[in-house]
Amino acid sequence: MKIKIAYFTSTGNTLWLCNKAKEFLEAKGHTVNLYEIIKEHNEFKQAECDLMGFFYPVWGSNPPDPMVEYRDDMSFGDGKKVFIVGNCCALNGDTGHLFKKILDEKGYDVFLTDHLYMPTNFNLPYEPENKWKRVPLEDERNKILCRAEVKLSEICNNISDGVESYDGKSFMNHLAGALQRKTYWMGDGYKSHFSIAEDKCIHCDLCIRMCPINNITKDENGKKVFGDKCILCVKCYNLCPKDAVLICKASIDDEKYRRYKGPNEDIKPVEYR
Ligand SMILES: Cc1cc2nc3c(=O)[nH]c(=O)nc-3n(C[C@H](O)[C@H](O)[C@H](O)COP(=O)(O)O)c2cc1C
């Protein structure tokens, strides 16, 4: 089968899963093409396929904003088979189920929704400390990745065999989903608190190149300026090589507010965009 997968990633977890899924599915004789939803949405839209997939990180029991925009803009599905694979650090809620519902209404045939646990990339200042909101150290991160790889291979077997399976439709999933969506606005406050620690910045401009919505620019003195379109993907914050991007002044303490540097070094930050 020809399979096309659209993905969004902030810190590489989703891309890591996509690359593994490509390996697993190609080992079964399929052809898999990956498309980053922001820069390759036209190519994704136009590519011929037998099966279409979406991979995304869960953001407050929704897919990330750019994927929501793409999904809501999709035209009639004409029965096209679709699978949906999300990943999260703690709670996926009913994200996949909701995604499925919307695509089913558009005439797609979503036969599989599933979620995996991946390391968190979301250690924001002033949030209550809990084990899911702590960016893991290498050993713990590798354990999470090993477990995810095992589960992903099962998911890929199901995709390959066309097995129907739906995750995220229980009462508890809906409850968690609804609660997370209701309280998600609380994160908005962070969006206007991005700044640069000038003494740490090495002017590599990676933050500018990585920002998926071009929200970071430079003023006439070369100082970084954060616009008002931030979607809180936290790419710049996590992946700045010097941890010079701050969210609130407290995050100058990068031991307390450890940044997530991605699943491994094979994926370079610029590829995330
Ligand atoms: C804005 C934002 C919101 C998030 N919301 C959730 C959430 O509701 N539930 C959860 O378990 N993880 C949440 N996370 C954690 C990510 O889903 C998780 O770390 C994911 O693996 C990141 O994938 P990526 O590296 O491909 O972006 C959130 C992360 C971000 C940046």
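We did not get these values from a lab; they are worked out from the coordinates using the rules stated. Note that the coordinates shown come from a computational prediction; the quantities given were computed from them, not determined experimentally. Every residue, glycine among them, receives a Cβ derived from its backbone with ideal geometry; neighbour counts consider all protein chains shown.
Quick notes
- Relative protection proxy for 229-241, 44-56, from highest mean packing down: 229-241, 44-56 (other beta-carbon atoms within 10 angstrom).
- Charge dipole of the chain about the Cα centre (unit charges at C-beta), most positive-ward option of I252, I216, G227: I252
- Rounded to 5, percent antiparallel among DSSP beta bridges of the chain: 20 percent
- Pairwise label distance in nanometres, N157 with D188, each label 7 Å out on the Cα-Cβ vector: 4.5 nm
- A straight chain from K249 to V150 at 0.36 nm per residue would run longer than the Cα-Cα distance by 31.7 nm.
- With a Förster radius of 25 Å applied to the C-beta separation of D78 and W132, the computed FRET efficiency comes to 0.05.
- Candidates D94, D78, D219: whichever shows maximal mean-square fluctuation once the chain is modelled as a Gaussian network with Cα springs under 10 Å: D219
- Contact order normalised by residue count of the chain, Cα under 8 Å, 6+ apart, percent: 21 percent
- Helix axis angle, 171-183 relative to the chain longest principal axis, alpha carbon, degrees: 30 degrees
- Zone of D228's modelled label, taken as backbone nitrogen in the range 167-203 under 14 Å from a point 7 Å along Cα→Cβ: 191-193
- A simple charge model with +1 on the Cβ of Lys and Arg, -1 on the Cβ of Asp and Glu and nothing else charged puts the dipole of the chain at about 380 debye relative to its Cα centre.
- Max mean-square fluctuation residue, GNM over the chain, Cα-Cα springs under 10 Å, options I202, I144, I38: I202
- Computed [θ] at 222 nm, helices only, for the chain once each DSSP H run of length n ≥ 4 contributes -39500 (n - 2.57): -10000 deg cm²/dmol
- Between E140 and D50, the contour length at 0.36 nm per residue exceeds the Cα-Cα span by 28.7 nm.
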